1. Suppose we filter THR382, THR386 for residues that are of a type in the set (S, T, N, Q), surrounded by 17 or more Cβ atoms within 10 Å (Cβ to Cβ), modelled with pLDDT of 95 or more and more than 19 Å from ALA79 (Cα to Cα); which single one remains?
2. Which numbered condition trips up PHE413, out of (1) more than 25 Å from ASP73 (Cα to Cα); (2) of a type outside the set (Ser, Thr, Tyr); (3) touching a residue at least 60 places away in the same chain (Cβ under 8 Å)?
3. If a residue has to be part of a helix (DSSP H, G or I) and surrounded by fewer than 21 Cβ atoms within 10 Å (Cβ to Cβ) to count, how many in the range 425-436 make the cut?
4. Exactly one of (1) closer than 19 Å to ASN411 by Cα; (2) at pLDDT 95 or above; (3) surrounded by fewer than 19 Cβ atoms within 10 Å (Cβ to Cβ) is unmet by GLN238. Its number?
5. Are there any pairs with C-beta distances below 7 angstrom linking a residue in the range 160-175 that is closer than 21 Å to TYR77 by Cβ and in contact (Cβ under 8 Å) with a residue 60 or more places away in the chain to a residue that is surrounded by 16 or more Cβ atoms within 10 Å (Cβ to Cβ) and of a type in the set (Gly, Ala, Ser), with the two at least 6 apart or on different chains, and if so which?
6. If the Cβ limit is 8 Å and pairs must be 6+ apart or interchain, which residue in the range 204-217 that is loosely packed, with under 15 Cβ neighbours inside 10 Å pairs with which residue that is assigned to a loop (DSSP other than H, G, I, E, B) and at pLDDT 95 or above?
7. Given the structure, is ASP205 touching a Phe, Trp or Tyr at 6+ places or on another chain (Cβ under 9 Å), of a type in the set (Asp, Glu) and assigned to a helix (DSSP H, G or I)?
8. How many of the residues making up the range 126-140 are out of contact with any helix residue (DSSP H, G or I) (no Cβ under 8 Å at 6 or more places or on another chain) and crowded, with 18+ Cβ neighbours inside 10 Å?
Amino acid sequence: MKNSTIHILFYIACLVVSSCDDQLNMLPTQVKVDGNLIVDQKSAEIALNGAYYRYAVCGLDNYNVPTTSCFNDFEIYPAQFGGVLLYYQGAQPLESHALNATSYYASGLWFDSYQSLYAANGVISQMEAAPDGWFQSGRKTGIIGEARLLRAFTHYNLLRWFAQYYDYTSSYGALIRNEVAVTGNIAKDRSTVKESYDAVLQDIDYAIEHCPESNAKYYLNKWVAKGLKARVLMMRGQSGDYAQVVSLTTDILSNSPYQLEDKLQDIFYLKGLESQEVMFGIQPKEGQTRKMEAYYYRNVTQFYPTEKFLSLFDNDPRREWLFTNNLITKYLHNDNPVATLLEEVNYQMRLTEFYLLKAEALVLTGGDKNEVRALLKDVMATAGITDLSAVDKATSDNDLLSLIFEETLKNLFCESGRELEIMMRMPKSIVQPFNSFCDAPDVMILPIPAEEFKQNPVLSQQNPGYSKE
């Protein structure tokens, strides 16, 4: 692919998206398709905004309305794969784990991710070459930090979906793309798992140092970077990683501007991205309804909770508003079956996750069990649970991890894959009764799409158990 073609595609990506910020709605004052798109700070902000909306899978819906489509990648697909959601017409390949290299689901996740990487890399490359004098103090490295953090989110998602994330010594890592795509580097082999984690963490560490301290909820900041680092280290699970997670989550809980909502339901029914608990979310385009059409199309429910998942809510007060006649109403409000702007919001990160991650890391490092119980109680109290005797009775590591596992599923399902990720790292003895597929870790990995092997002859290894065609 020629350099000029990359710039043309990236410019188109910037044109088809727009920001909630008037400044970012403005087009560049000059664009050269065979040169740089970034010519000053304003054009740099526009290009960065384009990278955010590539991450959000922004485009036009079937009615030509601008929309974000990331709900499939971040909400529905992980929940199906993890045994939380069931399609109304019967099990789909994601639910039965009957996937192959031509499966629509794997291809969608793969190519959405690489579109996001191409956009982020375009920003990073041009920003690194841009003169410092174009930017207000600190903004040049701040823009690079946000773009590198978007790249870290995307590479980490690819590592979880398409690599042997669980084996640090494996050669089956992610296909890392950390530079602008040109003719000479399109053909590329996958990295090892260690190299994949290293690439993600390098970007995160840069973002922690250079991202803004605060930002709008639909943009990134250094607290979100610290949160992503905690996620990644918890999944990597190497020597010292869990202790780092305790340190990072303690910092977030003690020093960040975020606080738990008194009432969990308010996040989804009243406040959305205005909630003091939300750290990073994707704001929908004005008038979009595509997310709710995926959940509830023409008055027909598209996805139901599985019986096993629904049973977790026996005697749980959340069941009343999360499910109505087995219809998922976490986003679809009981009194309003027509999608609203708030229902279209996608939540990428909120504070509850780090209460639960800290609790999990404390158990794994032999930490204070009373602190673990206190963290669990804080989270469960916001959900309206008043009988916390099960937490008090939990004395063993296994009992506490089981409670953390269940609360993560119940609290964070259909939010950026949190329910699937904890299945991928928790002990089999805890996860297997809920999701039997977790008994074989390679079954929890998707196949690299056949189309990638056709376009990328250097790519040598398909994931175990799948063919290249």
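The values are calculated or read from the model by the stated rules, or taken from the named source; none is laboratory data. The model shown is predicted, which means the values in this text are computed figures rather than measured ones. Glycine also receives a Cβ, built like all others from the backbone with ideal geometry; neighbour counts cover every protein chain displayed.
1. So the residue among THR382, THR386 that is of a type in the set (S, T, N, Q), surrounded by 17 or more Cβ atoms within 10 Å (Cβ to Cβ), modelled with pLDDT of 95 or more and more than 19 Å from ALA79 (Cα to Cα) is THR382.
2. (1)
3. Total satisfying the criteria: 5.
4. Here GLN238 clears every test but (1).
5. Close Cβ pairs satisfying both conditions: PHE162/ALA174; ALA163/GLY173; ALA163/ALA174; ALA163/SER196; TYR172/ALA163.
6. GLU213/ASN221; SER214/ASN221; SER214/PRO257
7. Criteria not met by ASP205.
8. Count: 0.
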